[in-house]
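To start, the structure itself, in C-alpha cells.
Bear in mind that the values in this text are calculations on the coordinates, not laboratory data. All figures in this text were calculated on a predicted structure; none of them were measured in a lab. As a convention, Cβ positions derive from the backbone with ideal geometry for all residues, glycine included, and neighbour counts pool all protein chains shown.
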Amino acid sequence: MTEREAGGNRMLERVAAILDAVETGPASASDIARRTELSVSTVHRLALSMTDVEFLRRDSDGRFRRGARFVRSALENAAMPILTELRDRTGETSQLWVRRGGDRLCLASVDSTQMLRATLPPGTRQPLPAGSAGRLLAEEDEALASVRARGWVESVGRRTPGLGSVSAPVTVGGELLGAVCVAVPLARVKDSPGEDFGPAAVEAANHLAEVMGTADHH
C-alpha cells in the first residue's frame, strides 16, 4: 500500500468514526473528540469539511449531527409507505420534494394508477418556486400564510396548465425537511386541489414528520 493510500484510509476511518460518534444525536467537537480519541482540532477541521458535503450538519449551537445525505436517504425510506397510502387514499400521484439549492428535487413518488395522471420520476428537479411544493420549499410568505391558516398550500395550473397540486410541510424540530405533494389533473378536481386533497396531504406529512422525529431521537 502506498503512503497516499494509507493516508486516504486513515482519513476514511476518521470520517467513519465521526459519523458513528454523532449517530445517537448532536455532539460538540469536544464530545466527538472524546468518543473518537481524535484531537479536537482534527475533529473540528474534518467536521467542517464534512458539513460542506452534507455528511454532517451544524446546529445553531455549534453541535454536529448527521447531514442531509443521510437524512434524505432515511426520509426516502420512511416516505415510501406513507406516499403509497396517500396515493391509495386519494387515487392521485403522491410525491415527496426536498430543497436542493435553488431547485426542488423529487425524492420519492408513487404514481396514480389512472390513465390520466400527473407523473414525475424521482430525481426530477424543478426551479423554485414553481408549483405548490416549490412555493412551500422556497418559503414564500403567501405559501407560509396558507400553511398557517390551513396546513397546506395549493397551486392550480401555475407550473403546468391542466394540472394542480397541494403540498404540506414535513417539519421536524423546527426544520423544514421536505414537502408532501398530491399532484392531480384539474379535470378530476371538484372544489380545488387544496380543498379536495389538502387534509390527506397534511395527515401524510405529519405522519412522516412523526416517523422522522422518532428516528432522530434514537
In segment 115-153, which residues are surrounded by 13 or more Cβ atoms within 10 Å (Cβ to Cβ), out of contact with any Asp or Glu (no Cβ under 7 Å at 6 or more places or on another chain) and over 28 Å from R69 (Cα atoms)? S146, R150
Which pairs turn up if I take residues in segment 40-54 that are surrounded by 14 or more Cβ atoms within 10 Å (Cβ to Cβ) and look for partners that are among the polar types (S, T, N, Q) with beta carbon separation below 9 Å, at least 6 apart in sequence or on another chain? V40/S30; T42/T36; V43/S30; V43/T36
Residue count, segment 55-102 (criterion: within 28 Å of A200 (Cα to Cα), assigned to a strand (DSSP E or B) and under 17 Å from the mean Cα position of the chain (by Cα)): 7
Kindly indicate which of V43, V15 is among the β-branched types (V, I, T), farther than 20 Å from A209 by Cβ and under 25 Å from the mean Cα position of the chain (by Cα). V15
